[in-house]
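Here is the structure we will look at.
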Amino acid sequence: MPNAADIVVLGAGPAGLGAGLAAARAGARVAVVEAGPRVGGLCVTVERDGLRYDLGGHIPFVRDAARLEWLRGLLGGELVWVPRPVSSWRGGLRAGRYLDQRPDGGALGTPVRAPVDPPPPDSSAQQVLAGTFGAPFVERELRGYLEKIDGVPLARIPGPRPLRLMRDQAAPEGFWFPRLGIGQLMDAMAAAIAEAGGAVHTGTRVTAIDAAGGRVRGVCLDGPGAPERIDTARLVVSAAPGRAAALLRPGPPALTPLRMRAVCIVLLAIPGGPLTDQAWVQVDDPAVPAARIFEMGNWSPDMTPGGETLIGMECYCHPRDDDPVWGAADEALAARCAASLADPLGWLDDPSRARLVDVVRMPSGYPLPDLEQLAAAGEGARALMEVDGVALAPGAAVIEAVAAGEAAVAG
Ligand SMILES: Cc1cc2nc3c(=O)[nH]c(=O)nc-3n(C[C@H](O)[C@H](O)[C@H](O)COP(=O)(O)OP(=O)(O)OC[C@H]3O[C@@H](n4cnc5c(N)ncnc54)[C@H](O)[C@@H]3O)c2cc1C
């Protein structure tokens, strides 16, 4: 690994890989540094017992023809169309599941009033949704699901969040997906970086950011075979700013710790064909530990080649021992998930047919979307932005993160 680079990228999730690829293709000497053993961040595909699964359903929400071309350039024939709608919003009309229910019990596609201007960040989801759909509809259709996902009352969830989920993270007709899982896209990006002359170093952690004199001068590293330091005048930070800011030397003013929302992904295999015809199902029923359930074979049949169905249950929770999901032992949580597939979901006759494949625990799925920690959430980003040569690549979704990485390099 060379000890100088034009651009160093901290983290090799979709944002860091997007930044690294754009920089390498522009001819820069780029080093992408990833603490984990493989690239992808939250977007990795695991292979176990002949089954492949992602850590949560990961739809790459493609918004324009240029991005589709970009994906095709990386994946070619490995990019498959999944004709299963996950619809939240379509040209001012709604159709689909929880976030897309009919506002007045009318026919699917009933027009709803969409807010023209983005709501202020300090507005609450309660205010924004009630103003858009009316309070009775919010109570009937939206509150249960959103509070289950986010774990705080609707009055404390920031207003822009649900609108963003409804409009930007919708796939009304279906979606494009890598045949072998979202990790295949991440691996393809890493390969393309190398092909363009850049370097991706896994198993290597950035332990400090040298920002002497208010401008970035280099990063310190810890990893087998890595130099102690790479000199650089440009750093793209793709990891959570609150944590990355703590690496600044000299250090930033004390940062308020952020509370995080955790996710346990419970993977169950069931002999036989699919349980549903759905890729992703949103569930607000409190009797079901998961808020979203994905059936991997409906994303791509090549993920479950052996005649088994693989169900992934995304159980959102607080990372605390007293949380009924986080605090449960793996087997107990899996048994509750399997039981809920039988009752109340009715997809499975006998829960004992479900075999536990894996429980993946993510203590830091995303920062708790709570108006009460809005100010704290910006502290890390502000400290980093004050350093000349540092750019941030924030991304709350896969393709959005890639685009943020590209923008960070261009800016
Ligand atoms: C359950 C779940 C389901 C999701 N579903 C979808 C979906 O359907 N569609 C969608 O678009 N998005 C989805 N997302 C969101 C998506 O996963 C994220 O938006 C995306 O991964 C963000 O990418 P990132 O590169 O910003 O961060 P990350 O993926 O978190 O990557 C950051 C990387 O930085 C590395 N890092 C951190 N600190 C250091 C350090 N000091 N040194 C070196 N490396 C470091 C980490 O190891 C990590 O690999 C989902 C997320 C979850 C949790």
Check: What ³J(HN,Hα) values, in whole Hz, does the Karplus curve 6.51 cos²θ - 1.76 cosθ + 1.60 give for the stretch 256-269 when θ = phi - 60°, with x put for Gly and Pro?
Finding: 6, x, 8, 7, 10, 9, 9, 9, 10, 9, 9, 10, 10, 9
Next item on the list: Could you give the C-alpha radius of gyration of the chain expressed as a fraction of 2.2 N^0.38 Å, taking N as the number of residues it contains?
Entry: 1.00
Checklist line | Loop-located GluC sites (Glu not before Pro) in the stretch 130-205 whose Cβ has at most 15 other Cβ within 10 Å (DSSP) | finding: GLU173
Checklist line | Share, in percent, of DSSP beta bridges within the chain that are antiparallel, nearest 5 | finding: 75
Item checked: Distance histogram for the stretch 353-393 (every C-alpha pair counted, 5 angstrom bins, percent rounded to whole numbers) -> 5, 16, 15, 15, 14, 11, 7, 7, 5, 3, 2, 0
Note to self: Can you tell me the length gained on complete extension of the stretch MET385 to ARG72, counting 0.36 nm per residue apart and subtracting the Cα distance?
What the structure shows: 109.3 nm
Check: How much mean residue ellipticity at 222 nm does the chain get from its helices, if each DSSP H run of length 4 or more adds -39500 (n - 2.57) and you divide by all residues, to the nearest 500 deg cm²/dmol?
Finding: -8000 deg cm²/dmol
Next item on the list: Could you tell me the distance between the Cα centroids of the stretch 304-359 and the stretch 128-148, to the nearest Å?
Entry: 27
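Every read-out reported here was derived from the displayed coordinates using simple, explicitly stated rules and does not represent laboratory data. From a predicted model like this one, the values you see are computed outputs, not experimental measurements. A quick note on method: Cβ atoms are made from the backbone with ideal geometry, for glycine too, and the neighbour counts reach across all protein chains shown.
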